[in-house]
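Engineer: Dumping the structure here so I can ask a few things about it.
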Amino acid sequence: MAGSARARERQPESTKASLEEQIRMRAHEIYLQRGDEGGSALDDWLQAEREILAAQDAAVDEASRESFPASDPPAFS
């Protein structure tokens, strides 16, 4: 968890706001899925944060695999 907090600190303000908005929206969806029952706002937020950050990490990993395919020969002779 500490690693994700440090990563967010290095993001531009607009990216942080966007990330927070994504988490807020997902946390609200989780709240609604639980039947509008209060008392678990922190748990909903933390679950949403884990999901959003995991999805971002997966997207970065996928982009990295596409950028550097293992089958490409070296560029030098």
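Readers should treat all values here as calculations from the given coordinates under stated rules, not as data from a laboratory. Since the structure is predicted, the reported quantities are computational estimates derived from the model, not experimental observations. Cβ: placed from backbone, ideal geometry, glycine included. Neighbour counts: every protein chain shown.
Engineer: Students often check this: by mean Cβ neighbours within 10 Å, which of 38-44, 20-26 ranks highest, and how do the rest follow?
Structural biologist: Numbers: 38-44: 12.0, 20-26: 15.1.
Highest to lowest by the protection proxy: 20-26, 38-44.
Engineer: Test of understanding: what is the full-extension gain from Val60 to Leu42, defined as 0.36 nm times their sequence separation minus their Cα-Cα distance? Please list the in-between numbers first.
Structural biologist: Working: separation 18, 0.36 × 18 = 6.48 nm, distance 2.68 nm.
Extending this stretch completely gives an extra 3.8 nm.
Engineer: Under a crude label model (7 Å from the Cα following the beta-carbon direction), how far is Glu51 from Ala17 in nanometres?
Structural biologist: Here the answer is 2.5 nm between the modelled labels.
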